[in-house]
1. For Cα pairs less than 8 Å apart in space and 6+ apart in sequence, what is the mean separation divided by the residue count of chain A, i.e. the relative contact order in percent?
2. Anything losing 30 Å² or more of accessible area from the isolated chain to the full protein assembly: pick those residues out of the stretch A:388-419, probe 1.4 Å, ligands and DNA/RNA ignored.
3. List the pairs from A:Lys58/B:Lys74; B:Lys104/B:Lys145; A:Lys146/A:Lys373 whose alpha-carbon separation is above 18 Å, in the order I gave them.
4. From the cross-link list A:Lys90/A:Lys358; A:Lys354/B:Lys173; A:Lys354/B:Lys149; A:Lys276/A:Lys561, which pairs have alpha carbons spaced over 25 Å apart?
5. Could you tell me the total accessible area buried at the A-B interface, probe 1.4 Å, in square angstrom to the nearest hundred?
6. Excluding same-chain residues fewer than 8 positions from A:Lys187, which aspartates and glutamates have a Cα within less than 14 Å of its Cα?
7. Jot down the per residue volume, in cubic angstrom and as a whole number, of the convex hull over the alpha-carbon atoms of the stretch A:263-385.
8. Using a cut-off of 12 Å between beta-carbons, work out the net charge of the residues near A:Pro95 (Lys and Arg +1, Asp and Glu -1, A:Pro95 not included).
Amino acid sequence: MQKSNTYDAIVIGAGMSGGWSAKELCERGLKTLQIERGKDVKHIKDYPTTNLNPWEFKHRGDISKEVQDANPSISRCYAFKEDNQHFFVKDTEHPYIQDEPFDWIRGYQVGGKSLMWARQTQRWSDFDFQGPERDGFAVDWPIRYKDLDTWYSYVEKFAGISGNRDGVDTVPDGEFLPAWELNCVEKYFQSSVKKNFENRHVIYGRCAHVTEQQEIHKQQGRGQCQNRTECERGCPFGGYFNANSTTIPWAAKTGNLTLRPDAVVHSIIYDDKQNKATGIRVIDAHTLETTEYFAKIIFINAGAINTNLVLLNSKSERYPDGLGNDSGTLGKYVAFHNYRARISATCEDFSDRKTTGKRPTSAYIPRFRNVYKQETEFLRGYAAGFSANRWGGRSNEGIGKELRDNLFAEAKLGPWRVGSHMMGETIPKESNYVSLDKEKVDKWGMPLLHISVKYDDNDEKMIKDFHEQLTDMYERAGFVDIQLSDDHRVPGLDIHEMGGVRMGRDPKTSVLNEWHQIHSCKNVFITDGACMTSTSTQNPSLTYMAMSARAAHYAADALDKGLLM
Amino acid sequence: MKRRSAIRNISAIAAGIALFPGCSDGLKLSYEDGRELTFDDNQQVWIEAISEAILPKKDLTLTTFESFPEFVTKMISFSKSSEDQTRFVNGYNKCTEDIKTIYKTAADQVTPEQIVSYFEDQLKEDVIAAEKLDEDIIIDNTEKKMFCKNLRELAIKHLTTSKEYQEQIKEYKLVPGSGTFNACVEV
Ligand SMILES: Cc1cc2nc3c(=O)[nH]c(=O)nc-3n(C[C@H](O)[C@H](O)[C@H](O)COP(=O)(O)OP(=O)(O)OC[C@H]3O[C@@H](n4cnc5c(N)ncnc54)[C@H](O)[C@@H]3O)c2cc1C
Ligand code: SF4
């Protein structure tokens, strides 16, 4: 039995980062078992709504009151709609305990959240990797930008990232496919910011779309993006990057991948005598039967918080508080992105211009606060989106003939509306943590997770500064009718939760080393958001991809050299 | 009687007053808490008449998932709490009673102008401060207003999500094609 359940490598999770781990390990010739708790989702075949028109949706895009009431957390996610509700985990089906309010947005299936993501892919820079050391929080990252640079290029070429080479040092340039054009108001704002502010930039939001098919995309069977902007349903052209269309089929093509969906990893098996992890315990999602699988190396890519859960639940004599938890930091220093603040306004110019067609990204304002020196009362900074739109609308006033005439009248173009949302870095703290409930377990026998994560004063100050600085930038551009808001969303809804299994130089204060290995159990690698020492302001997934590819090659090299056996 | 209990209202409706019938099986309104009401016969005419008056579309060919009465029943069951479903049904009954009384007419004789005029009144802001009214009247008014507002919104949604409206008026294309985004064109 043990023999037939033995592989060279195991990857836990078949989402954004797990797809990369599996692809790289398989390409390096390792027989790899990829374990996924959710169902299989085959590219195109399992995108049930991908080709539906608006009139073909039974509820015209709405989610029922019953589902909303029962699942308040996912119902607050902007992307949760009738057309892709099947990709979201229902709060009720997979409960957790909110010691502090936390909207945990999950996708349990092959593809994970890579099916529903918004595809924004900005690189991190040394301003991020050096941040904790410079500003005296968390612990120093054991890696720098130079360690990831080539791996960013590697994953960008394969995934297909569209962007411009902007020469902005906070968001280094990469290997880009052509960008969509910024519209005239976005370009105008870009030049206004350049003229009026030093070291502030407005650039195109780099995104994981194949805007020009390369040979590698042909080989993947992916076509050029057709500007549908229905990506979260799964794209029939493979126009955007997800694990289902790209990394997982590529791994399968090597003949080295065994994908096992509907299998919940309960814990890692640690052998005290051999001083290493030897395998995993898995619960069948339907029969609840337990099976053990064995391998030389294990990659955990279950999504940041679930990776914490698996490790905390992996108890042994050597590790009574969870695998690798010698430092006592496992589950702690969880952080996220602060998306609470918004600004919107009207641009009165360019009334003779409009856009036509659709484009699945917009503009991006890289972080400009506290970059070169500490200049505010709060630590770190924020990036922001920027978009300008001009909607053609029809009045729905009136009743009877008047209403009908209005609905059929020529659309009237409104003014240009502009808006930005904040993407703030939060500071990882010991007091922001996840832990296991001592008694309650879920249907699969996994302890329920307590989540205790909240904002602090630094975040409040940052929101105020975002409103002030963006107001200044908008006013200098001549935008009027400026409106500020703070939606007081709870943590989690940013869907960029990170940390709990942080990397660091010192085993006394961190769990992972510079190669994502558990300091004291080197054949276990963590390359999803759990490993992040700090959060930066940039969307994190591209960095998880680069880290996964880098660590997988390191692991394969180490095995080649006879290490990690 | 000061406050009407939702339970009493529901049983009154279940006992006889019915909404959106028409098809021989009747149309079902499922309450969020699992209860179901079946709407039968004579009021199909009302709902058709009201819908046509609010937003005339008899002359249009529209491809939609379902007929308007079916759509209303489905969306009210789907998107409202049990309390709001009850209010909607009560509002419906009161509005149709009002129209019958005011215009001394039956469902198949009421004119679109009469319905429009009635709806216009209902959709107006309250002129008298609510607290000065008897509580029963407030409930009556709220339910009627809610019914009129919801029905109008649903009529708009039913039309604007139809194939023809999407394709011809909103120029919707499922696959616009690469190169179809123009960042800046003259109006
Ligand atoms: C609406 C939305 C918009 C987003 N937009 C962006 C964006 O623009 N840019 C960006 O960078 N990021 C974005 N994100 C976040 C991005 O999706 C995540 O950062 C990314 O998917 C994380 O990758 P992962 O591999 O860690 O987790 P996932 O992709 O979630 O994959 C984890 C997988 O592990 C499985 N798993 C969990 N526990 C177990 C277990 N015990 N046993 C077996 N399998 C398990 C899960 O079922 C899942 O399939 C967005 C997310 C959403 C939902
Ligand atoms: S925008 Fe591109 S990637 Fe998204 S659904 Fe459309 S074609 Fe696919």
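The values are calculated or read from the model by the stated rules, or taken from the named source; none is laboratory data. All values reported here derive from a predicted model rather than from experimental measurement. Here the Cβ is made from the backbone with ideal geometry for all residues, glycine too, and neighbour counts use every protein chain on show. These area figures cover heavy atoms from the full protein model, side chains too; ligands, DNA and RNA do not enter into them. Shrake-Rupley method; radii C 1.70, N 1.55, O 1.52, S 1.80 Å.
1. Values: 1312 pairs, mean separation 123.7, N = 565.
This gives 22 percent for chain A.
2. Residues losing area: A:Arg394, A:Asn396, A:Ile399, A:Gly400, A:Leu403, A:Arg404, A:Leu407, A:Phe408.
3. Numbers: A:Lys58/B:Lys74 9 Å; B:Lys104/B:Lys145 21 Å; A:Lys146/A:Lys373 22 Å.
The answer is B:Lys104/B:Lys145; A:Lys146/A:Lys373.
4. Result: A:Lys90/A:Lys358; A:Lys354/B:Lys149 exceed 25 Å.
5. The summed interface area works out to 4300 Å².
6. Filter leaves A:Asp166, A:Asp349.
7. Enclosed volume per residue, from the Cα hull, is 246 Å³.
8. Local net charge: 0.
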